[in-house]
Amino acid sequence: FISEEHLRLHLGVDQYVTNFDKKNDHVIGIDIAKDYDSTVVTILEVDWEHPVLIDPDTQMYRHYKKVKNWFEISGDDYDSQFIQICEFIDNYKWSTLVCDATGVGAHMFDRLSNRNKPRGKNCIPFIFTLPDKSYGYTLLKRELFSMDEKKRVPPRLTFPDSEGARKLKKHQNFM
């Protein structure tokens with residue numbers, strides 16, 4: 001799908017992960033673990049002020065995004081995961097959370113939504129169906145390969161890849 005070389009060469013930026021940011025608005029994505037996998041929470045800062053027109057015919061826009069941090073939780077103690085997720089996301093100013101709401105994720109989404117919607121947060125369930133997965137991977141691939149060096153178009157998605165960030169286990173797992 002994508003090589004580590006492409007990630008590092010084109011999308012990695014000389015920044016460390018951001019452990020706290022109440023100034024900038026963020027979007028949060030959560031993939032809930034099933035079986036022997038890990039739950040992963042990803043913090044993205046989206047540049048809402050400078051959208052990029054990618055298709056003039058359909059007026060489709062995309063935005064520049066920076067991965068600011070990841071949080072990985074192993075195991076299937078979902079009550080403990082809920083508490084850890086809440087503590088982690090409370091370190092950021094955020095407006096939208098998209099959470100896996102398939103299978104065991106449905107319960108976690110309900111809990112996160114019930115906690116955060118009264119606070120004015122937009123909580124969106126993501127149900128994994130084959131068409132949704134296909135569409136999601138299509139969009140992801142477009143974002144990962146959006147740059148054009150000849151036209152000096154920067155990538156729309158970047159992640160922290162400083163020397164210090166590379167030493168972190170979560171960075172290594174991401175790679």
task: Please find, within segment 55-93, the residue that is nearest to G29 (Cα to Cα) out of those that are among the β-branched types (V, I, T), free of Cβ contacts under 8 Å to residues at least 60 places away in the same chain and in contact with a strand residue (DSSP E or B) (Cβ under 7 Å, 6 or more places away or on another chain).
output: I85
message: When you check R166 against the structure, is it surrounded by fewer than 19 Cβ atoms within 10 Å (Cβ to Cβ), basic (K, R) and within 27 Å of K23 (Cβ to Cβ), yes or no?
response: yes
statement: Of those in segment 42-53 that are open to solvent by less than 60 Å² (accessible area, probe 1.4 Å) and in a strand (DSSP E or B), the residue nearest to H107 (Cα to Cα) is T42
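Results for (1) open to solvent by 50 Å² or more (accessible area, probe 1.4 Å); (2) at pLDDT below 90; (3) not acidic (D, E), shown as yes or no for each residue.
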| residue | (1), (2), (3) |
| --- | --- |
| L11 | no, no, yes |
| I28 | no, no, yes |
| D31 | yes, no, no |
| V40 | no, no, yes |
| P56 | yes, yes, yes |
| H63 | no, no, yes |
| K68 | no, no, yes |
| D79 | yes, no, no |
- line: Here the residues within segment 70-124 that are in contact with a Phe, Trp or Tyr (Cβ under 6 Å, 6 or more places away or on another chain) and small (G, A, S) are A101
Residue that is part of a strand (DSSP E or B) and open to solvent by 50 Å² or more (accessible area, probe 1.4 Å), where the choices are I73, I124: I124
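The values are calculated or read from the model by the stated rules, or taken from the named source; none is laboratory data. Quick caveat, the model's predicted, so the values are computed rather than measured. Neighbour counts run over all protein chains shown; Cβ positions are idealised from the backbone, glycine included. To get the accessible areas, we keep the full protein, side chains included, count just its heavy atoms, and leave off ligands, DNA and RNA. Shrake-Rupley method; radii C 1.70, N 1.55, O 1.52, S 1.80 Å.
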